[in-house]
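Here the structure is laid out as C-alpha cells; the discussion comes afterwards.
Read the figures in this text as sums done on the coordinates, not as results from a lab. Keep in mind that what you see is a predicted model, and the values were worked out from it rather than measured. Here the Cβ is made from the backbone with ideal geometry for all residues, glycine too, and neighbour counts use every protein chain on show.
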Amino acid sequence: MKLTAHPGAPLRGEVAVPGDKSISHRALIIGAMAEGETRITGLLESDDVMRTVAAVRALGADVARDGDIWRVRGGPWRSPDAPIDCGNSGTTARLLMGAVAGRPISATFVGDSSLSRRPMRRVTEPLRQMGARIEGGDTLPITVHGGRLRGIEYAMPVASAQVKSAILLAGLGADGPTRVIETQPSRDHSERMLPLFLDEAGRLRGTDVPAPGDPSSAAFLVVAALLVPGSQVTVRGVGINPTRIGLFETLRDMGGEIELANRREVGGEPVADVLARASRLRGVEVPAARAPAMIDEYPLLAVAAAFAQGGTAMHDLGELRHKESDRLAAIANGLAACGVSVQVEGDTLRIRGGAAPGGTEVAAHGDHRIAMAFAVLGLASAAPVCVDGAEMIATSFPGFADLMRGLGARIEDA
Ligand code: S3P
C-alpha cells in the first residue's frame, strides 16, 4: 500500500494518540501471568499487540474485549499446541521467551521475515544461564523449555528493555533473586508495572492498568507540527516517562517549541498533554547517552534534522541496524532519495539540514517507523513524497493517516 504526503497544509488541533505499545504488551503478559482479572484501558489495538493477545491466549489466558476495557484472566500456563507466531513484533517474542522460561512448559516462537532476521541470542543467552533449555541459534524459530530456573545477576551488554524485561519475567519463576544491571538505563515500564501486580507475599494478582498515549506515536504529530509552517498541535494524555522522551528533549535543544502541560501520574507512569508549534530548528550534536530514551525516534529525528539550519550528528546508532529494518540504511537511503545531504560513518549519522526537495518515492523496508517518518517529511518538503509499504504502519499506529488528515495534513492513498 502506498501513501502520498503533500506539503504545505498546516496541522492544527487537539487529539489523542493510541495507547503505548510497550505498556500494552506488558499489561497483557503480566496480566496473563497473574491470578485473577486484569483490566486494561487504552490498550493499543495494533497488529503487534494483537500478536501478544493471541500468544497469551495460546498459553492459557482468557482475554476478552469488553467495550473500552480489555479483560485478562491469568492462571497456570500450558504449552501451546502450535508455534507462537509473533509476526513483526520483537517485544512479543523477547518478553514471552522470558515469561515462558520461568514456567514448566515449552513453546516455539516464529515470526515474519523481518523478525526472523533479528538477534535473539541477547535473550536466550541469559535465559540459558538461568537454566532454561533452548533450541535454536541467534534467530527465530526458537523453542524454549522452561521451568526450574535459578535467579542470576546479569550485567547487560546492550541497552535493551526487551532483554531486561525478559530476564525479569523469567526471574519471577526462578529460585532466588534475579538482578539486572544496566549501564545505560532503558525504558522502565516493566519495573513500574510489576509493583502494581505484586501482593505482600510476592505473588502476581490481577489489577487495573491504564495505558497512556504512546510518546513514540505522538512524536510523529509533534515533528509534523514543528516542521509545517503555521501548525499548532496538542496531543493529550501522552506518556512522558523520562526513559522515553529523549526526542522531545533533543527537539527542544534544536529550538523546537514543545510544551508539556497538565502533568499527572497514571498507573505509575507520568503523563502530560504535549503542545508543539511550528518552529525554526537548528542542527545539534545529539548526546550518545540519550540513545536509549529515543531509540525508536531516530528516523523521525533524522527527518527533523533535514529541515534544521546546519548539521546534526547522531552517534552510537549500531542498535538501529537490528530494528524492524536496518534503520540506519533505511534512513540514509530515504533521505538521499529526498535530496537531503546525509552520511553514515560507522555508527554515526550526519545530516546537513536546510530543506528537503522531496518529489520521490521512498521504500518503507517493512518498517512502520520508516513509513511514518517519510510521510512526515513529505508534509514539509518542496514536492510530495510517496511512501511504498505504508501498510506496516498498522503494527504500531493504526489510524495514523486519518488522524493526520483530521489535523489538516494532506495524505492521500496512492
Ligand atoms: C521495546 C524496547 C525497544 C524498542 C521497542 C520496544 C520494549 O527495543 O525499540 O520498540 O517494549 O521493551 P530494544 O529492547 O531492542 O531496545
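One table, with the values for the structure above:
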{"item": "Within straight-line cross-link reach of K21, lysines at Cα separation under 23 Å, skipping those fewer than 8 residues along the same chain", "result": "K164, K323"}
{"item": "Dipole moment magnitude, nearest 20 debye, the chain about Cα centre, only Lys, Arg, Asp, Glu C-beta charged", "result": "400 debye"}
{"item": "Segment 21-210: relative contact order as a whole-number percent, Cα under 8 Å and 6+ apart", "result": "24 percent"}
{"item": "Rounded tilt (10° steps) of 327-337 against the dominant C-alpha axis of the chain", "result": "20 degrees"}
{"item": "CD proxy at 222 nm, helix term only [per DSSP H run n ≥ 4: -39500 (n - 2.57); per residue of the chain; nearest 500]", "result": "-9000 deg cm²/dmol"}
{"item": "Sequence of T38, T348 once ranked by neighbouring C-beta atoms within 10 Å, starting from the fewest", "result": "T348, T38"}
{"item": "12 Å beta-carbon shell around V123, net charge (K/R +1, D/E -1)", "result": "+4"}
{"item": "Contact order relative to length of the chain, as percent, for alpha carbon pairs under 8 angstrom and 6 or more apart", "result": "20 percent"}
{"item": "Shape call, the chain: gyration tensor on alpha carbons, a/c limit 1.5", "result": "prolate"}
{"item": "Prolate/oblate/rounded call for segment 21-210, Cα gyration tensor, a/c under 1.5 rounded", "result": "rounded"}
